[in-house]
Amino acid sequence: MSRALTCSSAIGLVFLATGACADVTPQEVWASWQAMMTSAGQELTVGNTADSGQAVEVSDLAVTYKDQLGGSALLTFDKLVFKDNGDGTVTVTMPDSYPIQMAFPKQDDGPGSIKLTVSQPGAAIIAGGSATETSYKITAPETKITLDEVTGQDGKVLETTGDLALSGLEGSYLVTKTGETMGLDSAFAAKSAVLTIAGKEADGSGDGKVKISFADLNGATKGNFLNPELMANMALALNSGFTMDTSLSFGTMAMDVDITEASGPTKLVANATGGGLVLAMNKDRMNYGTSLTGAKFTMSGAEIPFPQVEVAFAESGFNVLMPVTKSDSPQDFAFLTKVVDFTVSEDVWGLFDPAGSLSREPATFIVDLKGTGFWTKDIMDPEVQTDAGDLPGELHSLDLTQVLAKAAGAEVAATGALTFDNTDMQTFGGVPRPDGKVTVNIKGVTKLVDNLIALGIVSEDDAMGFRMGLAMFAKPGAGPDELVSEIEFKEGGFFANGMRMQ
C-alpha cells in the first residue's frame, strides 16, 4: 500500500504542476511548469517546443517519477498549449486524454504494474496572477480514469477492469512560492463520482465486481509543502514548516459488491446519507477523523444461515487529535469513537433470543476523551526507535467527556476527570499516580443479567460473581435497577464509594 501511495503522490504532483507556477505570459507559465516538476523529483523529456509569442505549444512530453522503493510512474502528453488570453491570464489546454503507466517493486502480493487512461474532454484551466502568487480555475464536465491493464508480480496480465468517473468537476486554487516552500489553498466540488472494479481469479476459481458511487463531493486543502528530500522525514518536514489541512465531504453514498467463489455467491449492498474525513498536520498537532451518517448494510451469501443480514446505524464517527513532535510541556489531545443507534436484523437476534426476551432498542457506543500530555521523542522521525515497554511520552490529564454503552436494555455511562503525577511511578505499578474522580451510572443491568441466565448465555455461578463485584464497587441509584459508582484516586489510594480499595 505504501508503494502505491508513493506512486499516487507522484501523479498528484504532476496534476498540481499543471498549473502550479503560472505567470502572466505563456513563456513564464511553461518555464515555471518545468521548474516545479523537476523540483518535485520528476524527470521531463520534451519532443518539441514551438513559441509564437502569444502561445507556447509543447509536443510529446513525458514525465517520469521514481520512488526510493523502486516504483515508478510515467505520464505522456502528446500536446500542451499555453495561450495568452490578452487580459493577464493564460489558458492551459491539455489533451482530451493521456496515458499513465505505473510499476511497483517486487512484493508478496499486489500488482506488478498498471496502465491507466485519463479522459477529460472539454476541461479548461485558467491561470492568472504572478510568479509568486498564482490563482487557478478548473472546470471539467466529465472526467474518467480507465484501468486499461493490470499485471501480477509474475508479469501476467490479470482479468481486471475498472474506471472512475467524475461529473461536474470544478476547482480553484491559489499557489504561492516562497523559497523552497510552496503554499497551496485549494477547493473542489463534483456532482458525482462512480468507481467500478471487476476481476477474475487467475485460476478461474472466482470473480467479483464492486461499484461505489458518491454524490455532491466537496473538498479543500490548505498548507505549505516542501521539497521531496525534506518530506521523506516527517519530523524534519514538520519542524521546517510543512503544514496540511484537508477536508472531504460527500452526500449520498451507495456500494454494491458481488463476489462468486466455489462456495457460492456473496452480495453486499451499502447505503449512507453522507460522510466525510479531515486530516490536518503541523508541528504542534495532527488531527484525523472520519464520519458516516444514515448507513445501512445488507449482506447475503452461502455462508449466512438465513436469507440476508441487515446492519444499520444513524451515525458513526472517529477522531483523534494529538501532538506529533517532541516537547517538554503538556499539549492537548482528544479521542472520539462512536456508533449511534446501531441495529441488526431480527434474524440475528433470533439465533440466541428467539422469544424476544432482550430489548431490541438501538444500541449506542461512545468514547469521548480529552486531556493533555507530550511526547519525549519525535515519534514521526523514522530514525527514532522505541523499545518495548518504553513509553515515549507522558500523560498529564484525562477528561472523560462521555463514555456510554447502551444495548439490550442496559446502559453504562461514565464521566470524570483525572490528573497524573509522572514523578510517582511506583504507587500504581509503573503507571503515573492518578488523582481525581470518575462517576459511573448503571441502568438495567440486573434485568439484563437475569435474561442472559434464562437464555443460557450466562451461568448462575458467573452471574453471582458479577453481582458480588457490583456490590463492592456500586451502590443503589435514584431509580429501580440503577446503580452508581464513584471511583476516586486520592492520597495515593483507590476508593470506591468512599471505601478504600487500595
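Laboratory data are not the source of any read-out in this text; all were calculated from the coordinates shown. Remember, it's a predicted structure, so these values are computed and weren't measured experimentally. Every residue, glycine among them, receives a Cβ derived from its backbone with ideal geometry; neighbour counts consider all protein chains shown.
Table for the structure above
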read-out	value
³J(HN,Hα) computed for each position of the stretch 358-368 - Karplus, 6.51 cos²θ - 1.76 cosθ + 1.60, integer Hz, glycine/proline x	8, 5, 9, 4, x, 8, 9, 10, 9, 10, 10
Cut-off under 5 Å, modelled amide H: who pairs with Gln308 long-range	none
Partners for Lys443 among aspartates and glutamates (Cα-Cα distance below 13 Å; same-chain residues under 8 apart left out)	Glu411, Asp481, Glu482
Cut-off 13 Å between beta-carbons: net charge of the residues surrounding Thr325, Lys and Arg +1, Asp and Glu -1	0
Share of alpha-carbon pairs per 20 Å distance bin for the chain, given as whole %	16, 42, 32, 9, 1
Helical mean residue ellipticity (222 nm; -39500 (n - 2.57) per DSSP H run of 4+; nearest 500) of the chain	-4000 deg cm²/dmol
Extension gain from Lys296 to Asp461, taking 0.36 nm per residue of separation minus the Cα-Cα distance	55.5 nm
Least to most buried among Met499, Met281 (fewest other Cβ within 10 Å first)	Met499, Met281
Kyte-Doolittle at least -1.0, axis length at least 18 Å by Cα - qualifying DSSP helices, the chain	2-17, 26-39, 460-473
Qualifying GluC sites (Glu not before Pro) for the stretch 380-462 [loop in DSSP, other Cβ within 10 Å: at most 15]	Glu383
Within the chain: Cβ-based charge dipole about Cα centre, in debye rounded to nearest 20 (Lys, Arg +1; Asp, Glu -1)	540
Within the stretch 416-442, backbone nitrogen closer than 14 Å to the virtual label 7 Å beyond the Cα of Lys490 toward Cβ	417-419, 435-439
Per-residue ³J(HN,Hα) for the stretch 55-67, Karplus 6.51 cos²θ - 1.76 cosθ + 1.60, θ = phi - 60°, Hz, x for Gly and Pro	7, 10, 10, 10, 10, 6, 9, 10, 10, 10, 10, 10, 8
Per-residue ³J(HN,Hα) for the stretch 417-424, Karplus 6.51 cos²θ - 1.76 cosθ + 1.60, θ = phi - 60°, Hz, x for Gly and Pro	8, 9, 10, 10, 9, 7, 8, 10
Cut-off 14 Å between beta-carbons: net charge of the residues surrounding Ala55, Lys and Arg +1, Asp and Glu -1	-2
Cross-link reach list, lysines versus Lys377, counting only Cα pairs under 19 Å and skipping chain neighbours closer than eight places	Lys283, Lys326
The stretch 124-195: Lys pairs at Cα distance under 27 angstrom, eight or more positions apart or on different chains	4
Residues whose placed amide H lies under 5 Å from that of Asp216, excluding near-sequence neighbours	Ser192, Gly251
Prolate/oblate/rounded call for the stretch 113-188, Cα gyration tensor, a/c under 1.5 rounded	oblate
Per DSSP, loop trypsin sites (Lys or Arg not before Pro) in the stretch 108-182 with at most 14 further Cβ within 10 Å	Lys156
